[in-house]
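Notes follow the structure.
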């Protein structure tokens, strides 16, 4: 459970503007951490959680929130599509982008002066985002302007993420979104693209794939594997320099000693 920092005392003494919050993230753990943090902030009520963009839009339509914490990379409908839809609302909510470490995305968000939270979410940054949302709620016109800016920045931030990945299944070629791919694994001279419960033959070597996906949420963890950091669910220490990674589809990978430091950095360990 997160604890409230001492720097919040003054803000808590002031008149608190109530905020209704919806959390949108395909990772259950991330939603739980956000909810636990938000429950400790006075005047904040979490009214809903969604694990994909489609259900999020339905939820927001039926029970409009004041503030939405929105993950960028989700199945079915991603964060950008959700933002584009919200931009059409006459009274849109405040949106705070939530993302895992992604160098290109974070650079774009910072340059665009868009509020975002980096996973794992820290209590002080969460509190700052809520206070900023409260200030925006006092000026509805500013919310609309802010959301239009968020769409523009996120569109740029997800440019590389939106690139299609080509996989081969028999005589057919399948176009995959990067968010669908859990990992790339080399077996001899063949590289496999692994999704939730299927695999496809890749058209490139692992080194070529690594180059094409640089500055995205993919990380080379071994000479024979690249994994999607957004689909990591668990890391287990096998030794001081060895990690076992478990993905959301229960697929396991061992991180090489050479790559262990990079993986810990990407996960903010």
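The values are calculated or read from the model by the stated rules, or taken from the named source; none is laboratory data. Note that the coordinates shown come from a computational prediction; the quantities given were computed from them, not determined experimentally. Cβ: placed from backbone, ideal geometry, glycine included. Neighbour counts: every protein chain shown.
Worth a mention:
- For residue 174, the conditions (1) out of contact with any strand residue (DSSP E or B) (no Cβ under 6 Å at 6 or more places or on another chain); (2) in a strand (DSSP E or B) are fulfilled apart from (1).
- The residue that is surrounded by the most Cβ atoms within 10 Å (Cβ to Cβ), among those in the stretch 12-47 that are out of contact with any strand residue (DSSP E or B) (no Cβ under 6 Å at 6 or more places or on another chain), at pLDDT 90 or above and in a helix (DSSP H, G or I), is 37.
- Residue satisfying condition, being surrounded by fewer than 17 Cβ atoms within 10 Å (Cβ to Cβ), out of contact with any helix residue (DSSP H, G or I) (no Cβ under 7 Å at 6 or more places or on another chain) and in contact (Cβ under 8 Å) with a residue 40 or more places away in the chain, within set 148, 133, 141: 148
- The one condition from (1) within 17 Å of residue 165 (Cα to Cα); (2) touching a residue at least 60 places away in the same chain (Cβ under 8 Å); (3) part of a strand (DSSP E or B) that residue 230 does not meet is (3).
- Looking only at the stretch 108-145, residues that are part of a helix (DSSP H, G or I), under 18 Å from residue 86 (Cβ atoms) and out of contact with any strand residue (DSSP E or B) (no Cβ under 7 Å at 6 or more places or on another chain) come to 6 in all.
- The single condition among (1) surrounded by fewer than 22 Cβ atoms within 10 Å (Cβ to Cβ); (2) modelled with pLDDT under 90; (3) in a helix (DSSP H, G or I); (4) in contact with a helix residue (DSSP H, G or I) (Cβ under 9 Å, 6 or more places away or on another chain) that residue 105 does not meet is (1).
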